[in-house]
Amino acid sequence: MPSSNGAIIEVAGLTKRYGDVLAVDDISFDVVKGEVFGFLGPNGAGKTTTINVLTGLSRLDAGTVRIDGIECTHSPKAAQHLLGIVPDESNLYPELTGFENLCFCGALYGMRRKERETRARDLLEEFGLADAGDRKFETYSKGMKRKLTFAAGVIHRPPILFLDEPTTGIDVASARQVRQIISELHRQGITIFFTTHYIEEAERLCERIAFIVKGRIVKAERTRDLLQPVRGRDVLLLSVSKWAENLCDELSRAFPNLGVEATPSGQVRVESTEPISIAPLARFLDERGIELTEARRHLPSLEDVFVEVTGIGAGMMKGEKERAGGRGGGNS
Amino acid sequence: MKRWTAFWNILMKDVRTYYLKPPNISWGMVFPLAWTGMFFIRAGRGLESIPDLLPGVMTIAILFGTTSVLAVTVTFEKRQRSFDRLLLAPISLELLMLAKTGGAILFGIVSPFVPVVIASFLADLSGVEWSLVVPAVILIAIVSTFLGLLIAVSVSQVFEAQTFSNFFRFPMIFLCGLFFPIMSLPAYIRPLSYALPVTYGADILHGAVRGANIMPFAMDFVILGAFCLALFAFSLRNIRRKWIV
């Protein structure tokens, strides 16, 4: 039963240590029943560790966990019947077919034979795997494996679903389908705890988001509240023909109302709370023999908020994961 | 009811996937029969040596039939993380591990009766006390399976499971009185024999088949039962300590 504030997952002071490594450091948060709650952070931030503790795969060192009113701190099995888990790696049985894998996962939650077989067929259809249902899991492509792993996580119709990087390592079309399924599950009232390092994906799907960095939650708010400070900002990305020393400093002095900084990709980022006029900037550069080759208006997003709060570039997060497990279809 | 559905399906999946496959049949049935042939020829006493060899062959069949697959498959499932699915299921760890070991125990109970059936055509087994053989076989199957489980939770790689299994199993053939009486072993090795659970199972079988037990049956059964409980409890403790970190 959710608490009086509607929270179905209540975490207070959760701390988890692996030897000398502090994986999760005194984090507290609530997840409200029926919402999509995003856990956003780079590799090694503590996202998977948090999921493992909440689902009973890891023991916590300090703190308390309550799920649907059930005290799980010392008895993590107590609420497992309420949970569906889609892990960050496809971990079904290679020697079983897709259909057998789904039926087996249903049986683990006590579903009767007829019920689980009907549900397995429906899920294979829904996930576009009906034609591959009789094939062994080991013959599936990466995207198919991911989708079947997702289906296995929801076969028992859990009211709470943990999704650990569900679109990592799969193609764009499969990722889009997975996102549609997440939206559909949300519409059905399922509470979704969702970890990702794809910022745009979190922005699109989550109602509330927590930024987690080095085991600590650095910010946790409703997505629209997180975006509020950057909405209404005008941002221009300028490409120039040559890079002059102190160019950004000179621009700042000449246009004191603008925020000016160099981007890692060699552009000049100009920001203001008022609409920015390009002509004076182009003239200023021209007078110094620098040609403005491109000026692109940038719509501020959650990425800007994330970078501002954590100091971590979104590109770096993606790059890390792609090196680790291959690019998925985070965005399309 | 729901947890028994889970229990039954884990058990049946393992039986279908692992225990009725050629590698297990070769270890649990062909290998013991090959050993029988070797000792049969070595004994040089023709068919009359069969009752002497039968308890040892039955014990090897159980030992290899149970440990060969269990230790490897549990380690393999842990490595590829499909074991996590089982740990996430809403059933107790005790029931889960009983389901995981159930297939090995069943195979261990069936496999020693293959050499028994063959022996029944070649030798007179009318004096065998089946009321002792059957519970002894069940207990040896359980204790050997839990030995395999202990190996599985002590290693992290599949090859380690295989190596570690053989480290236990092959010395047991000689140390547990399967083919050579324990009393014929050097005195300083005998304590090791008595520290191994299979010794007590083999003793019951020697007594039941040819009246050659060296310890009272009741003592053998009690010690075997105690080994079963201790190995299972120790394995569960290791799983909680090492796998739910």
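Derivation of every value follows stated rules applied to the coordinates shown; laboratory data play no part. Everything quoted here is computed from the prediction, not taken from an experiment. Don't worry about glycine lacking a Cβ; one is built from the backbone with ideal geometry, like all the others, and counts go over all protein chains shown.
Centroid-to-centroid, using Cα positions, the stretch A:22-42 and the stretch B:20-76 are 54 Å apart. Using the Cβ-Cβ distance between B:A187 and A:W243 with R0 set to 56 Å, the FRET efficiency from 1/(1 + (r/R0)^6) comes to roughly 0.05.
If the segment from A:V21 to A:R253 were pulled out straight at 0.36 nm per residue, it would be longer than the present Cα-Cα gap by 79.0 nm. Computed from the alpha carbon positions, the gyration tensor of the stretch A:19-82 leads to an equivalent ellipsoid with semi-axes of 19, 16, 10 Å, biggest first.
Considering only A:I190, A:P42, A:V230, and ranking their Cα positions along the charge dipole of chain A that arises from unit charges at the beta-carbon of Lys, Arg, Asp and Glu, the one farthest toward the positive end is A:I190. The dipole here belongs to the stretch B:36-89: it is taken about the Cα centre, uses +1 on the Cβ of Lys and Arg and -1 on the Cβ of Asp and Glu, and is about 260 debye.
Find the centroid of the Cα atoms in the stretch B:174-245 and in the stretch A:213-268, then give the distance between the two in whole Å. Taking the Cα centre of the stretch A:213-268 as reference, the centre of the stretch B:174-245 is 73 Å away.
Peptide B:9-17 is shielded by partner chain Cβ atoms: per residue, an average of 3 of them sit within 10 Å of its Cβ. Ranked by how many other Cβ atoms sit within 10 Å of their own Cβ, fewest first, the residues A:R59, A:R296 fall in the order A:R296, A:R59. A simple count of charges around B:H206, restricted to other residues whose Cβ falls under 14 Å of its Cβ and scoring Lys, Arg +1 and Asp, Glu -1, yields -3. Please say if chain B is rounded, prolate or oblate, where rounded means a/c under 1.5 for a ≥ b ≥ c the square roots of the C-alpha gyration tensor eigenvalues, and otherwise the choice is prolate for a/b larger than b/c and oblate otherwise? Prolate is the answer for chain B, as a/c is 1.5 or above and a/b outweighs b/c. I'd like to know which of A:A120, A:L285, B:T66 lies farthest towards the positive end of the charge dipole of the protein assembly as shown, counting +1 on Cβ of Lys and Arg and -1 on Cβ of Asp and Glu. The Cα lying farthest towards the positive end belongs to B:T66.
In units of the compact-protein estimate 2.2 N^0.38 Å, the stretch A:129-274 shows a Cα radius of gyration of 1.48.
Choose one of B:F167, B:L95, B:G108: the residue whose Cα lies farthest towards the positive end of the charge dipole of chain B (beta-carbon charges +1 Lys, Arg; -1 Asp, Glu; about the Cα centre). Among B:F167, B:L95, B:G108, the one farthest towards the positive end of the dipole of chain B is B:L95.
Between the stretch A:126-181 and the stretch B:89-103, the C-alpha centres lie 27 angstrom from each other. Given a Förster distance of 51 Å, report the FRET efficiency between A:E261 and A:K77 from their Cβ-Cβ distance, rounded to the nearest 0.05. Efficiency for this residue pair is about 0.50. List, in the order given, every pair from A:K214/B:K100; A:K219/B:K2; A:K114/B:K242; A:K33/B:K78; A:K33/A:K77; A:K136/B:K100 whose Cα-Cα distance in the structure shown is over 30 Å. Violating the 30 Å limit, Cα to Cα: A:K214/B:K100; A:K219/B:K2; A:K114/B:K242; A:K33/B:K78. Distance between the modelled labels on B:F180 and B:V134, one decimal in nanometres: 3.5 nm (7 Å Cα→Cβ projection). If you fit an axis through the alpha-carbon atoms of helix A:142-154 and take the longest principal axis of the Cα set of chain A, what angle between them do you get, 0 to 90°, nearest 10? Compared with the principal axis, the helix lies near 60 degrees.
Its Cα centre serving as origin, the protein assembly as shown has a Cβ charge dipole (Lys and Arg +1, Asp and Glu -1) of approximately 1160 debye.
Taken over the Cα atoms of the protein assembly as shown, the convex hull encloses 197 Å³ per residue. Taking label points 7 Å from Cα along the Cα-to-Cβ direction, B:E48 and A:T139 give a separation of 5.9 nm.
For the listed peptides A:73-79, A:301-307, A:191-197, B:116-122, a ranking on the average number of other beta carbons within 10 Å per residue, highest first, reads A:191-197, A:301-307, A:73-79, B:116-122.
Provide Rg over Rh for the stretch A:1-142; use the alpha carbon set for both Rg and the Kirkwood Rh (inverse mean inverse pair distance). We get a ratio of 1.03 for the stretch A:1-142. For chain A, the relative contact order comes to 21 percent (Cα pairs under 8 Å, sequence separation of at least 6). Relative to the dominant Cα principal axis of chain B, helix B:31-43 is inclined by about 20°. Just to verify a number: FRET efficiency for A:R224 and B:Q162, C-beta to C-beta distance, R0 = 45 Å, to 0.05? The computed FRET efficiency comes out at 0.20. Summarising the strand pairing of the protein assembly as shown, around 65 percent of its internal DSSP beta bridges are antiparallel.
Using just its DSSP H runs of length 4 or more, each adding -39500 (n - 2.57), the protein assembly as shown gives a mean residue ellipticity at 222 nm of -16500 deg cm²/dmol after division by all residues. Fewest neighbouring Cβ atoms within 10 Å first, the residues A:M144, A:M111 line up as A:M144, A:M111. Its Cα centre serving as origin, the stretch A:124-236 has a Cβ charge dipole (Lys and Arg +1, Asp and Glu -1) of approximately 340 debye. Using only Cα coordinates, the Kirkwood hydrodynamic radius of chain A works out to 21.9 Å.
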